[in-house]
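> Below are the structure tokens for one structure; questions will follow.
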Amino acid sequence: MFNTLSRMLHTGLLTEPLPVPNEAIPALETLQKDVLGILGRALCIRHVDAGSCNGCELEIQALTNPYYNLEGAGIKFVASPRHADLLLVTGPVSVNMEEALKRTYDAMPDPKLVIALGDCGACGGVFAKSYASRGSVASVIPVNNTIAGCPPSPAAILGCILQTVRSSAVEA
Amino acid sequence: MSTDMMEPQRTRLPANMPSSRLRVDREQWLRTAEDLRESGARLLTLWGTDDRDRDSGFRIAAAYLLTDSVVVVEHLIKETSAPSYPSIAGLFPAALRMQRAVHDLLGISTDEVDTRNWLRHGGWPETVFPLRRDVDGNRQYPIVSEPYPYVEVEGDGVHEISVGPVHAGTIEPGNFRFSVVGEKVLRLEERLGYTHKGIAKLFENFSQEAGHSLAARVSGDSAVAFSWAYCSALEAITGITCPMRAVALRALALEHERLANHMGDLGGLGNDAGFAFGLTHFSRLKEDLLRANSVAFGARYLLDYVIPGGVAVDLTADASRLLLELYDTLESSVTNMRAIYDNHAGLQDRFREAGRLEQNTAEKLGAIGLIGRASGIACDLRVDHPWSPYNSLAVKMIVQTGGDVAARVQVRFDEVVESLRLCRALLAELPIEAIQTPVSIAAANLLGIGLIEGWRGPVMIALETGPDGGIRRCHAHDPSWQNWPLIDYAILGNIVPDFPLINKSFNLSYSGHDG
Ligand code: SF4
């Protein structure tokens, strides 16, 4: 116990202001305010791996580390599509995952937002279209936004989530 | 069996460690497997090829790891209307799923009773074998949903729980069917293949000089291991020797990959056992390492770092200093965290005895890599078959005999410390020279293999060249193939709520397995 406490004290608080990939992305507090302003509560994200190489998953996981502290910004990952506002899809859509992806999408309440993450999700990446792959996420379900990169950095993912939530608010 | 028993029919095989190929007939295919099993050889991988255009038959091949070398045993199946070969799964149980996969892709069968599809879930017709050369790999088919005949478990009070393919969390897809009484697991049956992307067929569209980028994406968390294995195979075929600086930098990148994954897992395991503090700290340490990767190698994840003939980015003197400082911080933090884990009664209570894989079960089933080492199987290519630069690093074999989650945690802790030692040694002796050498285009029909001990275990690429700098066939193998079936055993008698923890302690690749 003493060890644990002393480790906590020595490490201190690590959360950084939101890394800024471009000028359009404001600080963490603004992000939190935006999320609250738009949704009135936390943003709930459901992630589906539709056939990725697992590289993109690693960067999504990084979002919850103390530097990015996603949950601190009022964004959380949920276990059921029924609780989700936003679907984050990785990978090209493998034919073996097509049905599961469509079902997850259908199970989400309206209005639903979808982000296709990574070069694979955005355009099929190296896997493209084949007997085993449908290519981009957009060829299977409607997509609001895409994030390029292989894999995209946590900062880019965070920036895109924010932008997507914003523009959906403007449209609404 | 040592390789000299096979001397007469054996030919040398280009590879990054002593390797040979042995061509056998149908009867010898099984007999060789028997001899190899007897001698304690391990099955590395098994794959098939459509060689009807060149040799009027299909070819089945298996790679085995011997104490002194690697041998690839090949059998040409001349019967092409209903091609088949004798199953080796009775000797090497891990071959069973590989053989089912070979059937799905090529339509070559065995004499096994279990003929269920493995990679084909109804996404393409049963009569289409996509890896055959006369099949158009780009053609799309509508999905015809096919129920999978899981093995039924009957008995008083037995019920079934099906989980997946989509899981609650940021992990890859797969299906787990538990047969339980109360909370106790009587049987677990896995169904994988959901992320099958047709990688083997795709390789045929890649040039020899670009194939490494697809190899790196077989399993993103093992990108360095796969791209290095690919480049090793190509360089062995073309007879190229990489500059020693590039070789050392590849090893540095591979050890960083091991460190990042081990630290991620150590955090995840703490979290799954109810100790979120562990996740917070290890995810932070992992992030520190990834940021250092950006500075040192030009990217957080090194999917495009190892290239034919060398590496893509040179390491600056400043980056090298930064890395040395980082290693010190990591080492003291990890040592500190280890003391916390070791002394935390709640954690140890969850780790000990959970998901035990006994050594003899692990031996029998062919466990490999980290999972094998946690069940007393001392096998690490960096130690047993050290390729350059590991031949001058004297890597320490890390082994634990417990076979439970606790043992898999300890192996990871010990390997982190050993990796840090290797990283320091590599930087201390880093030669000053070029980081790339040109790689010429190889002639057609040459086979070579590359084997790299990734963080999960031995990753293998078998590359056969095509004409005009193309690829005729490339088989990529992730050690998850051998280790997935072991979870079915490790979970027996445990309770369902412990599955996430046990599964995490294995942390196998779905994508690497599904291809
Ligand atoms: S975009 Fe890159 S990292 Fe992401 S799934 Fe595709 S290949 Fe993997």
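> Need the failing condition index for B:L119 against (1) within 14 Å of chain A (Cβ to nearest Cβ); (2) open to solvent by 10 Å² or more (accessible area, probe 1.4 Å), just the number.
(2)
> Next up: Between residues in segment A:119-131 that are under 16 Å from B:W124 (Cβ atoms) and residues that are open to solvent by 10 Å² or more (accessible area, probe 1.4 Å) and near the ligand (Cβ under 7 Å from one of its atoms), which pairs lie under 8 Å by C-beta distance while being six or more apart or on different chains?
A:F127/A:C120; A:F127/B:R217
> Take segment B:213-226 and flag every residue that is of a type in the set (D, E, K, R) and either open to solvent by less than 10 Å² (accessible area, probe 1.4 Å) or in a helix (DSSP H, G or I) (or both).
B:D221 - this is the single residue of segment B:213-226 that is of a type in the set (D, E, K, R) and either open to solvent by less than 10 Å² (accessible area, probe 1.4 Å) or in a helix (DSSP H, G or I) (or both).
> Also, I was wondering about something else. For B:I371, are the conditions met, namely being in a loop (DSSP other than H, G, I, E, B), under 14 Å from B:N483 (Cα atoms) and either in the same structural domain as B:G90 (by TED's automatic domain parsing) or not charged (D, E, K, R) (or both)?
Spelling it out, it is not the case that B:I371 is in a loop (DSSP other than H, G, I, E, B), under 14 Å from B:N483 (Cα atoms) and either in the same structural domain as B:G90 (by TED's automatic domain parsing) or not charged (D, E, K, R) (or both).
> Here is a follow-up. With B:A229, B:A251, B:A236, B:A276 as the choices, which residue is away from chain A (no Cβ under 14 Å), on the phi < 0 side of the Ramachandran plot, away from the ligand (no atom under 16 Å from the Cβ) and open to solvent by 10 Å² or more (accessible area, probe 1.4 Å)?
B:A236
> Are any residues in segment B:146-194 open to solvent by 50 Å² or more (accessible area, probe 1.4 Å) and in contact with a Pro (Cβ under 8 Å, 6 or more places away or on another chain), and if so, which ones?
The one that is open to solvent by 50 Å² or more (accessible area, probe 1.4 Å) and in contact with a Pro (Cβ under 8 Å, 6 or more places away or on another chain): B:E183.
> How many residues are more than 27 Å from A:A169 (Cα to Cα) and either away from the ligand (no atom under 11 Å from the Cβ) or touching a Leu at 6+ places or on another chain (Cβ under 9 Å) (or both) when one looks only at segment A:108-154?
Counting residues in segment A:108-154 that are more than 27 Å from A:A169 (Cα to Cα) and either away from the ligand (no atom under 11 Å from the Cβ) or touching a Leu at 6+ places or on another chain (Cβ under 9 Å) (or both) gives 12.
> Tell me whether segment A:150-166 contains one or more residues that are among the polar types (S, T, N, Q) and at pLDDT below 95.
Yes, that holds for at least one residue.
> Suppose the filter is away from the ligand (no atom under 14 Å from the Cβ), over 17 Å from B:I199 (Cα atoms) and either open to solvent by less than 60 Å² (accessible area, probe 1.4 Å) or not hydrophobic (A, V, I, L, M, F, W, C) (or both); does A:T104 pass it? Steps first, answer last, please.
Details: away from the ligand (no atom under 14 Å from the Cβ): yes; over 17 Å from B:I199 (Cα atoms): yes; either open to solvent by less than 60 Å² (accessible area, probe 1.4 Å) or not hydrophobic (A, V, I, L, M, F, W, C) (or both): yes.
Yes: the conditions hold for A:T104.
> Within segment B:284-311, track down each residue that is within 16 Å of the ligand (Cβ to nearest atom) and touching a residue at least 60 places away in the same chain (Cβ under 8 Å).
Matches in segment B:284-311: B:Y301, B:L302, B:L303, B:D304, B:Y305, B:V306.
> If you go through segment A:48-66 one residue at a time, do you hit one that is more than 8 Å from chain B (Cβ to nearest Cβ), open to solvent by 10 Å² or more (accessible area, probe 1.4 Å) and not hydrophobic (A, V, I, L, M, F, W, C)?
No, segment A:48-66 contains no residue that is more than 8 Å from chain B (Cβ to nearest Cβ), open to solvent by 10 Å² or more (accessible area, probe 1.4 Å) and not hydrophobic (A, V, I, L, M, F, W, C).
> Give the residue, chosen from A:G118, A:G125, A:G91, that is open to solvent by 10 Å² or more (accessible area, probe 1.4 Å) and not hydrophobic (A, V, I, L, M, F, W, C).
A:G125
> Residue under question is B:L188, and the condition is that it be touching a residue at least 40 places away in the same chain (Cβ under 8 Å), more than 16 Å from the ligand (Cβ to nearest atom), within 11 Å of chain A (Cβ to nearest Cβ) and of a type in the set (A, V, I, L, M); does it hold?
Judged against the criteria, B:L188 is not a match.
This table checks each residue for (1) modelled with pLDDT under 95; (2) assigned to a helix (DSSP H, G or I); (3) closer than 25 Å to B:L492 by Cα.
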site	(1), (2), (3)
B:Y327	no, yes, no
B:E331	no, yes, no
B:T335	no, yes, no
B:R338	no, yes, no
B:L347	no, yes, yes
B:A354	no, no, yes
B:N360	no, yes, yes
B:K364	no, yes, yes
B:A367	no, no, yes
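> Restricting to segment A:137-148, and then to whatever is of a type in the set (G, A, S) and either away from chain B (no Cβ under 13 Å) or open to solvent by less than 20 Å² (accessible area, probe 1.4 Å) (or both), can you tell me which residue is nearest to the chain's Cα centre (by Cα)?
Filtering segment A:137-148 for residues that are of a type in the set (G, A, S) and either away from chain B (no Cβ under 13 Å) or open to solvent by less than 20 Å² (accessible area, probe 1.4 Å) (or both), the one nearest to the chain's Cα centre (by Cα) comes out as A:A148.
> Oh, and also: Right, A:V93: modelled with pLDDT under 90 and touching a strand residue (DSSP E or B) at 6+ places or on another chain (Cβ under 9 Å) or not?
no
> Of all residues in segment B:282-312, which are acidic (D, E), open to solvent by 10 Å² or more (accessible area, probe 1.4 Å) and farther than 24 Å from B:A229 by Cβ?
Applying the first criterion (acidic (D, E)) to segment B:282-312 yields B:287-288, B:304.
Among the residues that remain, those that are also open to solvent by 10 Å² or more (accessible area, probe 1.4 Å) are: B:288, B:304.
Within segment B:282-312, just B:D288 meets the criteria.
The values are calculated or read from the model by the stated rules, or taken from the named source; none is laboratory data. Everything numeric in this text was worked out from a predicted model, so none of it was measured. When we count neighbours, we look across all protein chains shown, and the Cβ atoms used for this are built from the backbone with ideal geometry, even at glycine. Heads up: the accessible areas ignore ligands, DNA and RNA and are worked out on the full protein's heavy atoms, side chains in. Shrake-Rupley method; radii C 1.70, N 1.55, O 1.52, S 1.80 Å.
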